[in-house]
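So the structure is just underneath, and the comments pick up after that.
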Amino acid sequence: MLVNTIALREAKASTEIENIFTADDELYKALTICEYGLKGNAKEVLRYRQALWKGYNDIVKKQALTIETLIDIYQEIKQVNDGIRPPQTETVILKRGSGSLTGEVVYTPPRGTQIIQQKLNNLVEYINDNSKYPYDPLLKIAISHYQFEAIHPFRDGNGRAGRILSILIMIQKQLLEVPILYLSAYIIREKDEYYELLKNVTTHRRWNPWIIYILRAIEETSKYTISKIEEIDRLFSRTTELVNEKYPSIRKEFIEKLFEQPYISPKKLLDKNVKSLNTAKKYLKQLEEMGILIPEKIGKEIVYLNIDLYNTLSES
């Protein structure tokens, strides 16, 4: 339940940093009725989540970060087949914000496939080799995130790939078991400071403020994520208790599925315990009568909204 919901919030927030905005309702509906085709920014958000899971599965399998994993993440985010940007691609970092200097070039990443490859080799060695680089994992996250963004290895999507990289390092260093830390929420709130501190490392070698920023982001978002998990867990426990009192035939596993995402369709409730579509619809109708679910028509299908879960996820 929590992996699905929290990871989706991270995906949404990370794409918002790149000015790709998606309404919560649009996003959750896209997840539920995917057979109608994903459109617009919802598609971008779900690509990010797919890239996150691709990286996670790779890290769990290899127990090490590789350049191939980074390329896979980029290709999933952008839905392309290329890899490290070629020499002819003139990639520059422009000043963000408002004012007369907006759009001014503030940084030019290294150019040339071989140079980028060398720098990425250095980066993954720094991340993976704890004997040669025996530094605290949280420091490695801060330094590696900066270094990846400075290398800027791909034509596009480097910001989103870099944020996934930070989560994967936490997994590899056993700070997290699953990718549910909501780092991007903090960066959205402190977005100007994020870019300013990145620039100051490049131009003035001011590492301390940047490292403190990342440590603070991890601390605050860890507390936020724990709080959100506890809130969802309390809601799930209360809902399960109420349903058991009135409809004991509805299994706990059925209720768990209602907490994987706010909208649910009857088809997605079928399993070894609920084999009939009519049974699934009957249970959903009973939960509607209890005020737990709200029916809504999307296309030709009736889906059900877990309104309290929706409100919990939508709260910042």
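Annotations
- Pairs, first not assigned by TED's automatic domain parsing to the domain that holds Glu149 in region 75-87, second modelled with pLDDT under 90 and assigned to a loop (DSSP other than H, G, I, E, B), C-beta under 7 Å, six or more apart: none
- Neighbours by Cβ (under 6 Å, 6+ apart or cross-chain): first from region 282-306, in contact (Cβ under 8 Å) with a residue 40 or more places away in the chain; second of a type in the set (Asp, Glu) and outside any helix (DSSP H, G or I): Val303/Glu296; Leu305/Glu296
- A count restricted to region 214-248 and to residues that are without any contact (Cβ under 8 Å) to a residue 40 or more places away in the chain, surrounded by 14 or more Cβ atoms within 10 Å (Cβ to Cβ) and closer than 18 Å to Tyr182 by Cβ stands at 2.
- Selected residue (criterion: surrounded by the most Cβ atoms within 10 Å (Cβ to Cβ)) from residues of region 169-212 that are aromatic (Phe, Trp, Tyr) and more than 22 Å from Ile6 (Cα to Cα): Trp210
- Pair list, Cβ under 9 Å, 6 or more apart: region 111-129 residue in contact (Cβ under 8 Å) with a residue 24 or more places away in the chain, other residue assigned to a loop (DSSP other than H, G, I, E, B) and among the hydroxyl-bearing types (Ser, Thr, Tyr): Arg111/Thr89; Arg111/Thr91; Val124/Thr66; Ile127/Tyr133; Asn128/Thr66
- Counting residues in region 211-230 that are farther than 30 Å from Lys191 by Cβ and of a type in the set (D, E, K, R) gives zero.
- Criterion violated by Tyr224 - all others in (1) in contact with a Phe, Trp or Tyr (Cβ under 7 Å, 6 or more places away or on another chain); (2) under 23 Å from Pro295 (Cα atoms) satisfied: (2)
- Filter result for Leu139 (among the aliphatic types (A, V, I, L, M) and either touching a residue at least 40 places away in the same chain (Cβ under 8 Å) or in a loop (DSSP other than H, G, I, E, B) (or both)): yes
The values are calculated or read from the model by the stated rules, or taken from the named source; none is laboratory data. Keep in mind that what you see is a predicted model, and the values were worked out from it rather than measured. Neighbour counts run over all protein chains shown; Cβ positions are idealised from the backbone, glycine included.
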